[in-house]
Amino acid sequence: DGWWDEACQNDIGWAIGRGETYANLDAQDDVESHALYDLLEQRIVPLFYDRDEQHIPRAWIGRMKRCISVLAPAFNTNRMVQDYCEKLYLPALKRARTLRADNLAKSIAMCHAKYRLRAEWGHIRIEQVQANTDKPLGMRDKLEVSVVVNVGNLRPEELKVQLYSGLMDNDGRITQGQATNLDHAEDLGGGRHRFHCSVTSTTSGRHGFAVRVLPGGELFDGIYEPGMICWDSVPQPAPAAQNAA
């Protein structure tokens, strides 16, 4: 189910593939069906029928116990309700109270801000992305990123410029990415502004990043507005993070 990506471990259950997606669904069905039958034949069925002198599948039972001990405390209805409350319901309640306060003052301000952003959004351009990607980085080494954005008639504080980075799959897509806000560094004139941030990797492998622009400011904190996101053209390959010697 939806928790499997988080729950999957070597000794808990079995995974088919690594979460790849295919443009050709028939090809995906073919690959994954073969992987499923191979998994059943080579690992699951032999493990279940491997019995001792008392006709008890000790390894199978050990795996069952391991699954119960690890999964039951972390993946349950209490956890589900808590996650919904802490991540969705309570933040939504807090935001609703904020927008209702002072005779809807912030609701009115947000409405005006949306009209302004939508009117100007088509003029936003990510003009330049600079980062030293010529050599591999060690884990926890900093990658400095500088971005020039033409914000048109908007102000930098009305926007949030982010670096979206993470491991890349074989198709060049970022998986399990994380967003890092860039700080405003310089007004270059003519609506052009420079933003800067530094990021570090805590895992080895082939990483990449992309730059995006979102509505910013207090009223849009944690809020994604439909149609108001501006991406750099394609994810940039970052230096491969290597384990420190």
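Taking the helices alone, the chain has a mean residue ellipticity at 222 nm of -10500 deg cm²/dmol, built from -39,500 (n - 2.57) per DSSP H run of at least 4 residues and averaged over all its residues.
Within region 1-99, the GluC sites (Glu not before Pro) that combine a DSSP coil assignment with at most 16 other C-beta atoms in a 10 angstrom radius are E20, E53. Here is what passes the span test in the chain: the DSSP H helices with alpha carbon length of 27 Å or more along the helix axis and a Kyte-Doolittle mean of -1.0 or above are 90-120. Between region 167-193 and region 32-96, what is the C-alpha centre distance in whole Å? A separation of 36 Å, based on Cα centres. The count of lysine pairs in the chain with alpha-carbon distances below 23 Å, taking only pairs 8 or more places apart or on different chains, stands at 9. Along the charge dipole of region 35-191, which of M139, A35, L93 sits closest to the positive end, that is, farthest toward it, with unit charges on the beta carbon of Lys, Arg, Asp and Glu (+1, +1, -1, -1)? So the residue we want is L93. Per residue, the accessible area of the chain comes to 67 Å², computed with a 1.4 Å probe over protein heavy atoms only.
The values are calculated or read from the model by the stated rules, or taken from the named source; none is laboratory data. Computed from a predicted structure; not experimentally measured. Glycine gets a Cβ as well: all are built from the backbone with ideal geometry, and neighbour counts include every protein chain shown. These area figures cover heavy atoms from the full protein model, side chains too; ligands, DNA and RNA do not enter into them. Shrake-Rupley method; radii C 1.70, N 1.55, O 1.52, S 1.80 Å.
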